Amino acid sequence: MNPRIIAVINQKGGVGKTTTSSNLCHALAMMGKKVTLIDLDPQGHLAVSLGVVDAAKSGIDEVLLGHSDIETQVIPVRDNLQLIVSGPKLREIEQLTEGGVARGDLLRLSLQNQLKDQDFIFMDCPPSSGILAANALFAADELLIPMCSDFLSLQGLSHLVATIKRFEQVLKKKYKTLLVMSRYASTRRLSKEVLDTLLKHFPGQVLATVIRETASLAECPGFGKTILEYQPKSPVAKDFAKLANNFIEGKVM
């Protein structure tokens, strides 16, 4: 069985892509699923979030530049969870000028016949629509779009949907697309309005569990831990455990 390949994508920053990637993947790993997480954001926040402190360590940068095989860049970070860090040269990929459309296909090609023992490969995408995001879209079969509860996120989503449709036309494929509501504040009317808007425009695509906004989620990366380690009995840790189940079962609102 080939692994499911998922891009965690949203061109808007601050919507919880890295938070969702690290915590959801850890929750899946704790369920016994084998998960590889690839950091496609040159900021490299996934490594920090998961306690990998070697900032100079090579990763997906060397793979995309053609200097390394992808399986040699894997770092085990938790039981059943392995990470491929961004690497210090990842920004160079965005500046590649040669190769045309082939620049967007580097990751898909590097994944061919690799990591076959994994159940899931997740790619944490940068908040942009450049070459790195294109590589994720070329490689992925599924998209997970984190959303936070403000109207700027909704505006950004319309731009992302247009980008996705362009890729679907060019690549002649249809992504399985799911949305996750992150940073949700049940006491804020705006949160409910944004969620209602998503449910109206994306019926059957919003995962059944919302991720509540809490200070502890912002604190976790400072300790190199996920919420499932930092505050395992907290409501938001339970949210991510439920979200992992939703994701596997395809359970939506």
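The values are calculated or read from the model by the stated rules, or taken from the named source; none is laboratory data. Predicted model, so just to flag it, every value in this text is computed and none were measured. Ideal geometry is used to build each Cβ from the backbone, glycine not excepted, and the neighbour counts take in all protein chains shown. For the accessible areas, the whole protein counts, side chains as well, though only heavy atoms, and no ligand, DNA or RNA atoms are used. Shrake-Rupley method; radii C 1.70, N 1.55, O 1.52, S 1.80 Å.
The charge dipole of segment 51-129, taken about the Cα centre with unit charges on the Cβ atoms of Lys, Arg (+1) and Asp, Glu (-1), comes to about 100 debye, rounded to the nearest 20. Think of the chain as a dipole: +1 on every Lys or Arg Cβ, -1 on every Asp or Glu Cβ, centred on the Cα centre; then among VAL101, ALA47, ASN245, ASN245 lies furthest on the positive end. Looking at the chain, the accessible area is 45 square angstrom per residue; that uses a 1.4 Å probe and ignores ligands, DNA and RNA. The largest accessible area among THR187, THR163 belongs to the first residue in THR187, THR163, and the rest follow in falling order (1.4 Å probe, all chains). Counted over the chain, the DSSP beta bridges are approximately 15% antiparallel. Cα centroids of segment 128-203 and segment 1-27: how far apart, whole angstrom? Here the two parts' Cα centres lie 12 Å apart.
Build a GNM of the chain with springs between Cα atoms under 10 Å apart, and of VAL53, VAL63, VAL180 the one that fluctuates most is VAL53. Antiparallel beta bridges, as assigned by DSSP with both residues in segment 1-129, represent about 20 percent of the total such bridges. Of the accessible area of segment 39-144, computed with a 1.4 Å probe over protein heavy atoms only, carbon and sulfur atoms account for 48 percent. Between SER128 and HIS201, how high is the FRET efficiency from 1/(1 + (r/R0)^6) when r is the Cβ-Cβ distance and R₀ = 22 Å? Nearest 0.05. With R0 = 22 Å, the Cβ-Cβ based efficiency is 0.40. Under the convention that each Lys and Arg Cβ holds +1 and each Asp and Glu Cβ holds -1, the size of the dipole of the chain around its Cα centre is about 900 debye.
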